[in-house]
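The values are calculated or read from the model by the stated rules, or taken from the named source; none is laboratory data. Since the model is a prediction, treat every value here as computed from it, not as a measurement. When we count neighbours, we look across all protein chains shown, and the Cβ atoms used for this are built from the backbone with ideal geometry, even at glycine. Ligands, DNA and RNA are excluded from the accessible area calculation, which covers all protein heavy atoms including side chains. Shrake-Rupley method; radii C 1.70, N 1.55, O 1.52, S 1.80 Å.
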Amino acid sequence: GQQVMQIPQYQHVQEGEDFTTYCNSSTTLSNIQWYKQRPGGHPVFLIQLVKSGEVKKQKRLTFQFGEAKKNSSLHITATQTTDVGTYFCAAATYYNTDKLIFGTGTRLQVFP
Amino acid sequence: GAGVSQSPSNKVTEKGKDVELRCDPISGHTALYWYRQSLGQGLEFLIYFQGNSAPDKSGLPSDRFSAERTGGSVSTLTIQRTQQEDSAVYLCASSLDVWMNTGELFFGEGSRLTVL
């Protein structure tokens with residue numbers, strides 16, 4: 001079945017360092033979303049990307065959708081302790097747009 | 001309601017018993033999703049409703065799992081003859097329309113199921 005892989009699985013950074021998580025699919029994706037889940041919490045929507053090569057920014061967060069629409073990335077500049085959590089991408093393919101599949105997630109730990 | 005409401009928040013049951021998990025989506029949201037999250041793992045897609053119909057049930061792990069939605073609102077996920085591997089947090093989410101059109105999924109706090 002469709003799988004959406006994320007790397008790395010875990011990332012520990014010092015506060016102030018940058019962080020990037022990558023989302024990869026073997027099939028072409030229609031849209032892609034990103035969510036953040038704080039420890040003990042539920043996923044919270046961050047953004048949706050639609051167009052090939054699209055780049056969107058939210059303060060210190062930069063989201064990219066690959067030209068081939070098979071990969072995406074989330075980059076956080078100058079991490080803060082409030083960035084701690086697990087970041088998930090979520091996507092669907094063109095042949096099954098109803099089924100929103102979540103990636104495996106990247107757990108970010110930020111040390112002060 | 002103000003947000004997606006799930007009940008019970010915690011359920012401990014014995015192996016072999018049946019359980020029902022309830023999801024009350026945000027008022028007016030036509031799309032409803034069920035996911036399962038095991039400890040420290042990602043979200044596993046179970047089923048999706050548009051209105052009362054479920055176009056894709058292929059994510060349900062076995063025939064012990066079933067889900068229904070009535071009146072285009074409340075949904076119930078039923079697990080029959082529970083097994084220990086069913087232990088997980090069951091998350092429900094809703095969106096105004098199919099996710100591609102409206103983007104954001106709003107998640108409930110989840111129902112934590114423990115099967116002894």
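What is the diffusion coefficient of segment A:4-111 in µm²/s, taking the Kirkwood radius over Cα pairs and the Stokes-Einstein relation at 4 °C with a viscosity of 1.567 mPa s? Please list the in-between numbers first.
Values: Rh = 13.8 Å.
After rounding, the answer is 94 µm²/s.
With all pairs of different alpha carbon atoms counted, what Kirkwood hydrodynamic radius in Å does the protein assembly as shown show?
Details: mean 1/r = 0.0554 Å⁻¹.
Answer for the protein assembly as shown: a Kirkwood hydrodynamic radius of 18.0 Å.
Could you sort the residues of segment A:68-102 by number and keep only those whose accessible area is reduced by 50 Å² or more in the all-protein-chain setting relative to the chain alone, 1.4 Å probe?
So the qualifying set is A:D98, A:K99, A:L100, A:F102.
Among B:Q84, B:L96, B:Q41, flag the residue with its Cα farthest along the positive direction of the charge dipole of segment B:5-109, charges on Cβ as +1 for Lys/Arg and -1 for Asp/Glu.
Result: B:Q84.
Given 0.36 nm per residue, what is the gain on full extension from A:E17 to A:Q80 after removing their alpha carbon distance, in nm?
On the way: separation 63, 0.36 × 63 = 22.68 nm, distance 0.85 nm.
That works out to 21.8 nm of additional length.
Between B:L116 and B:N52, what length comes free when the chain is fully extended (0.36 nm per residue of separation minus the Cα-Cα distance, one decimal in nm)?
Numbers: separation 64, 0.36 × 64 = 23.04 nm, distance 3.26 nm.
Full extension from B:L116 to B:N52 adds 19.8 nm.
Which percent of the accessible heavy-atom area of chain A goes to carbon and sulfur, probe 1.4 angstrom?
51
Let me understand segment A:1-49 better: what is its radius of gyration from the alpha carbons, and its Dmax, in angstrom?
13.0, 38
How many angstrom separate the Cα center of segment B:1-75 from the Cα center of segment A:43-63?
When both Cα centres are located, 27 Å separates them.
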